[in-house]
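Worksheet: one structure, shown below.
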Amino acid sequence: MPKGLDGEFLAQLKSKNDIVEVIGSYVNLERKGTNYWACCPFHHEKTPSFSVNSLDQYYHCFGCGASGDVITFIREIESVDFVDAVKILAERVKMPLPDMNFDSEKTLEQKRRRDEVLKILNAAAHFYLDNLNSGKADAHIQYILDRKLSAPTVRKFGLGASLDFKTLPQFLSDKGFRRDDILESGAVTLSDKGKLTDAQGGRLIFPIINAMGDVVAFGGRVLEKTDFAKYKNTKETIVFNKSKNLYNINLVKKQKKAEGLKNIVMTEGYMDTISLWQAGFHNVVASMGTALTKEQARLAKRYVDDVLISYDGDFAGQKGAIRGLEILRDEGINVRVVALPEGLDPDDVVKKYGSEGYRKCLDEAMPLIDFKLKVLERGRDLSRTEDKREYIRDAIKVIREAESASVREDLLKTLRDKTGVTYESLRRDLDSEPERPSAEPQEIVRGEDGADRNVKASRFILASVLFNAKYARNFDLSGVKFDNNVHNIIAEYIIGRKKRGEIARASDLFEIFDENTPELSAILDLSLGDNFGSAESERYFADCVKTLERQKIDREIAALRAMCDAETDLEKRKQYTRRILELFIQLKNF
């Protein structure tokens, strides 16, 4: 932890950022009893299992195990490190940050590298922008004019120009940046001869800006016919991972804060996004040409529950892209597909039909399952028996995915009308398909993790004491030695708080452990429902205590047997044997 972010500062920061208010600004929370509940923002579910404890100021998902305090939540939901999460929360409550020094040389160097890379990328973005306005970027300007981009739009997206392969490396070197840092930024690469060269030499430049407003990479577009790819991104770096970013997410984030968002339109590339934004569709992002990833889906999910996929007009023929849409669906996003005129991309539609024409396409967007059926139909002649039978077979499999009987019925009727096969026959085929495994857990809590009886007993004892069960209030943890080191550390924390006359709080444990510590998550799982308020719970607690006592005796017996086997002195062997018998008698008394 950086020096300056001491316990007192962090305690004040947390007290001013109520976890219910903070999390409630990202997900819809519903109060039930003393806790607040929602569908987990970190995994797909339909039954809410994500709980926010307002008293102890922590969250825990009983479905996937995600848990933490308000700082942890911001780290995960915003995909930032600890320091940036603190900055976000401090800015939220207008709390000044202390000067921060870092503990270890390794941490200091990592932060220096990250900060330096961001400075280099920011400097490069301004360099490219100056190039565009230098009077030397005629080809770049002509391309912008050909695409009918206005000056305000160009400024909004920070478009720039690379004029050659040499001047950017020289510019960055003259600014005093280190060679290694310049290379690490990704803006510059090494030539075959070992010289620094602009990674986007000669291209029109699209700065890629993350949700925090930092330039983290560049996209580049060639301006003339070449064997190279039309578009390319700079390499992945300490600050950029293409699979975790969406182009224009920075402006979408501002839009959500300013006016709210109903949905997000997702395109394939930079120009489609910029063109749609200029046409008045400010809720647009791009996947930057990559196959959609879970990380991108989760990033979109932080802002909206509805995503409209607006890829090129020939997208219906790209069957492989469906998997990306299914990833969005699996993350709990309502996916609809925007059907564009054949051969046109979003930019083409706006230019040819205007904003209203594109708006009509959005209004007619189809659900994912309808789109999948349309893809199946493409390239098949349903007047041919063989094509029709294959289409029916594949369509039945898709219809089986529908989440409700009413949707399945409606789709079967559409299939009947397309093929001329009776509804009854299609229904029988559908019913003969094997049942899909349910994607939802049967219970809100996670299944058994294979832990043995002693581990389960340890968890329940610690949970009972931590959550202040009446029957455990006078239980002395100092006499218990747990097998698991996490259990021992939790016990030490509780003991220390009690000695100072303070209440032990689960939220404090996130300052001791990583939020992904499995044993901590398993203990928090036990806080669900009335685990600590019933007579049955009290009896189980007593059984757990006996289980650990028996374990302690078993260990001592095993140790004495080993010592007895190794002992050559007859009298000492007799002593060991007598003690073993005494312990066996104790075991019988349990």
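The values are calculated or read from the model by the stated rules, or taken from the named source; none is laboratory data. As the structure is a computational prediction, the values presented were derived from the model and not from experiment. FYI the Cβ positions are ideal-geometry reconstructions off the backbone, even for glycines, and counts take in every protein chain you see. For accessibility, only protein heavy atoms count, side chains too; no ligands or nucleic acids. Shrake-Rupley method; radii C 1.70, N 1.55, O 1.52, S 1.80 Å.
Working only within the range 537-590, note down all residues that are open to solvent by 60 Å² or more (accessible area, probe 1.4 Å), more than 20 Å from PHE460 (Cα to Cα) and not in a helix (DSSP H, G or I).
Hits for the range 537-590 are THR568, ASP569, ASN589.
Looking at ASP99, ASP103, ASP115, ASP130 in this structure, which one is at pLDDT 95 or above and either open to solvent by 70 Å² or more (accessible area, probe 1.4 Å) or assigned to a helix (DSSP H, G or I) (or both)? It would help to see each step written out before you state the result.
Numbers: ASP99 fails: at pLDDT 95 or above; ASP103 fails: at pLDDT 95 or above; ASP115 fails: at pLDDT 95 or above.
After applying the criteria, what remains is ASP130.
Looking at (1) among the basic types (Lys, Arg); (2) surrounded by 13 or more Cβ atoms within 10 Å (Cβ to Cβ); (3) out of contact with any Asp or Glu (no Cβ under 7 Å at 6 or more places or on another chain), can you tell me which one ARG384 breaks?
Every condition holds for ARG384 apart from (2).
Just a yes or no: is a residue in the range 337-345 assigned to a helix (DSSP H, G or I) and either of a type in the set (A, V, I, L, M, F, W, C) or open to solvent by less than 80 Å² (accessible area, probe 1.4 Å) (or both)? Please lay out each step first, then the result.
Here is the first cut: in the range 337-345, the residues assigned to a helix (DSSP H, G or I) are none.
Scanning the range 337-345 turns up no residue that is assigned to a helix (DSSP H, G or I) and either of a type in the set (A, V, I, L, M, F, W, C) or open to solvent by less than 80 Å² (accessible area, probe 1.4 Å) (or both).
Starting from the range 462-489, take each residue that is open to solvent by 50 Å² or more (accessible area, probe 1.4 Å) and list its partners that are basic (Lys, Arg), counting only C-beta distances under 8 angstrom and pairs at least six apart or across chains.
So the pair list comes out as LYS481/LYS552.
Can you pull out the residues in the range 158-186 that are open to solvent by less than 40 Å² (accessible area, probe 1.4 Å) and either in contact with a Pro (Cβ under 9 Å, 6 or more places away or on another chain) or of a type in the set (Ser, Thr, Tyr) (or both)?
If we filter the range 158-186 for residues that are open to solvent by less than 40 Å² (accessible area, probe 1.4 Å), which is where we start, we get 158-162, 168-169, 172, 177, 181-183, 185-186.
Within the range 158-186, GLY158, LEU159, GLY160, SER162, ILE182, SER185 meet the criteria.
Considering only the range 246-257, I want to know if a residue exists there that is without any contact (Cβ under 8 Å) to a residue 12 or more places away in the chain and more than 28 Å from the chain's Cα centre (by Cα). Lay out the reasoning, then the answer.
Filtering the range 246-257 down to residues without any contact (Cβ under 8 Å) to a residue 12 or more places away in the chain leaves 254, 257.
Among the residues that remain, those that are also more than 28 Å from the chain's Cα centre (by Cα) are: none.
Checked the range 246-257: no residue is without any contact (Cβ under 8 Å) to a residue 12 or more places away in the chain and more than 28 Å from the chain's Cα centre (by Cα).
Of the residues in the range 22-50, how many are open to solvent by less than 10 Å² (accessible area, probe 1.4 Å), out of contact with any Cys (no Cβ under 6 Å at 6 or more places or on another chain) and in a strand (DSSP E or B)?
Matching residues across the range 22-50 total 1.
Examine the range 512-522 for a residue that is in a helix (DSSP H, G or I), open to solvent by 70 Å² or more (accessible area, probe 1.4 Å) and under 27 Å from PHE73 (Cα atoms), and state whether such a residue exists. Steps first, please.
Initial filter on the range 512-522 (in a helix (DSSP H, G or I)): 518-522.
Pick out the ones that are also open to solvent by 70 Å² or more (accessible area, probe 1.4 Å) and you get 518.
Remaining after also requiring under 27 Å from PHE73 (Cα atoms): 518.
Scanning the range 512-522 turns up at least one residue that is in a helix (DSSP H, G or I), open to solvent by 70 Å² or more (accessible area, probe 1.4 Å) and under 27 Å from PHE73 (Cα atoms).
Just one of (1) open to solvent by 60 Å² or more (accessible area, probe 1.4 Å); (2) under 23 Å from GLY213 (Cα atoms); (3) among the hydrophobic types (A, V, I, L, M, F, W, C) trips up LEU145, so point out which.
Looking at each condition in turn, LEU145 falls short on (2).
Can you name the number of the only condition in (1) polar (S, T, N, Q); (2) in contact with a His (Cβ under 8 Å, 6 or more places away or on another chain); (3) at positive phi that ASN248 fails?
The number of the failed condition is (2).
Given the criteria assigned to a loop (DSSP other than H, G, I, E, B), within 29 Å of ASP305 (Cα to Cα), free of Cβ contacts under 8 Å to residues at least 40 places away in the same chain and not aromatic (Phe, Trp, Tyr), does GLU409 qualify? Talk me through it step by step, then tell me what you get.
Values: assigned to a loop (DSSP other than H, G, I, E, B): no; within 29 Å of ASP305 (Cα to Cα): yes; free of Cβ contacts under 8 Å to residues at least 40 places away in the same chain: yes; not aromatic (Phe, Trp, Tyr): yes.
When the stated conditions are applied, GLU409 does not pass them.
Quick one: is LYS195 open to solvent by 20 Å² or more (accessible area, probe 1.4 Å) and either within 30 Å of SER79 (Cα to Cα) or among the β-branched types (Val, Ile, Thr) (or both)? Explain how you work it out, then say what you get.
Numbers: open to solvent by 20 Å² or more (accessible area, probe 1.4 Å): yes; either within 30 Å of SER79 (Cα to Cα) or among the β-branched types (Val, Ile, Thr) (or both): no.
No.
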